[in-house]
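In what follows, a single structure is set out as C-alpha cells and then discussed.
The values are calculated or read from the model by the stated rules, or taken from the named source; none is laboratory data. Quick caveat: nothing in here was measured; it's all calculated off a predicted structure. For neighbour counting, all protein chains shown are included, and Cβ atoms are generated from backbone atoms with ideal geometry for every residue, glycine included.
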Amino acid sequence: MSKLFDFSNEGFTNMRYKKGQAIKSEAEGWCFGYSLNWCTRMLKNSSKPKLAKPTSMDAGPLQQKVEMIDLDWDGAVAKVVTELGYNCGAPLSRDWNVLPGVVSEAGNGFYIIDIGHHWVGFGVANGKFYYFDANDGLFEFADKGKFSSFVVKDFKASYKGDKGFEKGHKAYKITS
C-alpha cells in the first residue's frame, strides 16, 4: 500500500438533503462532491492517479446540487452524474465489510460509495486498487486482499459511529 496524496475535507454547504429542501446542519462536508470529482478525474487519468486529486471548485457545487434535488438519494446521485456528462449504474447495495471485495472483483472501474453520512471512492485500474477518502487521501494497493482488509479496517475505525453505518452501503459505478 502507498498513500499517493493527503486530503482534507474542507468546506461545507450548511445544508442536509431532505426531500427537496435544504435544512440547517451543524456540519456537512463535501465528501460526495470530492468523491465524484475523484472518480471522474480517475476516468481520465487512471495511469497517473496523482492527477486525479479533486478540487473544491468542482466538489462544492456537486455537493450542493445533490442535496437540493427533489428526488431520493439514488435519483439525485444519478441525475447529478448524468448532468455532469457521465453515466451512473444502478447502485450495488452491500454490507460495509463485504463491499470492498465485491468492487475489487468487478474489474476495472470507479465507484462513489455511500457509507451512511459519508462518501468515499473505490477504483480498479491497470491492475491496481484505489481507495479515496476526502478525510484522509488516496491509497493505492497492488493486491485486492490488502485493499479489502485495509478499507474494512478503516471503515470500522473511522465511521462505525456514523448514523446508517450498519445498513447496506451503496456503490454507484461511474462511467464515461
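Any residue at all in region 81-89 that's touching a residue at least 24 places away in the same chain (Cβ under 8 Å), in a helix (DSSP H, G or I) and either of a type in the set (V, I, T) or surrounded by fewer than 22 Cβ atoms within 10 Å (Cβ to Cβ) (or both)? Yes, there is a match, as at least one residue in region 81-89 is touching a residue at least 24 places away in the same chain (Cβ under 8 Å), in a helix (DSSP H, G or I) and either of a type in the set (V, I, T) or surrounded by fewer than 22 Cβ atoms within 10 Å (Cβ to Cβ) (or both).
Applying the set (1) loosely packed, with under 15 Cβ neighbours inside 10 Å; (2) in contact with a helix residue (DSSP H, G or I) (Cβ under 9 Å, 6 or more places away or on another chain); (3) at pLDDT below 85; (4) not aromatic (F, W, Y) to E67 leaves exactly one unmet item: (1).
Restricting attention to region 148-169, which residues are out of contact with any helix residue (DSSP H, G or I) (no Cβ under 7 Å at 6 or more places or on another chain), farther than 10 Å from G116 by Cβ and either modelled with pLDDT of 85 or more or surrounded by 14 or more Cβ atoms within 10 Å (Cβ to Cβ) (or both)? Explain how you work it out, then say what you get.
Of region 148-169, the ones out of contact with any helix residue (DSSP H, G or I) (no Cβ under 7 Å at 6 or more places or on another chain) are 149-150, 153-164, 166-168.
Right, trim to farther than 10 Å from G116 by Cβ and you get 149-150, 153-154, 156-158, 168.
S149, F150, K153, D154, S158, G168 - these are the residues of region 148-169 that are out of contact with any helix residue (DSSP H, G or I) (no Cβ under 7 Å at 6 or more places or on another chain), farther than 10 Å from G116 by Cβ and either modelled with pLDDT of 85 or more or surrounded by 14 or more Cβ atoms within 10 Å (Cβ to Cβ) (or both).
The single residue among Y111, Y172 that is surrounded by 19 or more Cβ atoms within 10 Å (Cβ to Cβ), at pLDDT 85 or above, under 24 Å from S2 (Cα atoms) and aromatic (F, W, Y) turns out to be Y111.
Strands (runs of 3 or more DSSP E) fully within region 106-164 that include at least 1 residues being aromatic (F, W, Y), in contact (Cβ under 8 Å) with a residue 60 or more places away in the chain and in contact with a Cys (Cβ under 9 Å, 6 or more places away or on another chain): 109-114, 119-125, 128-133.
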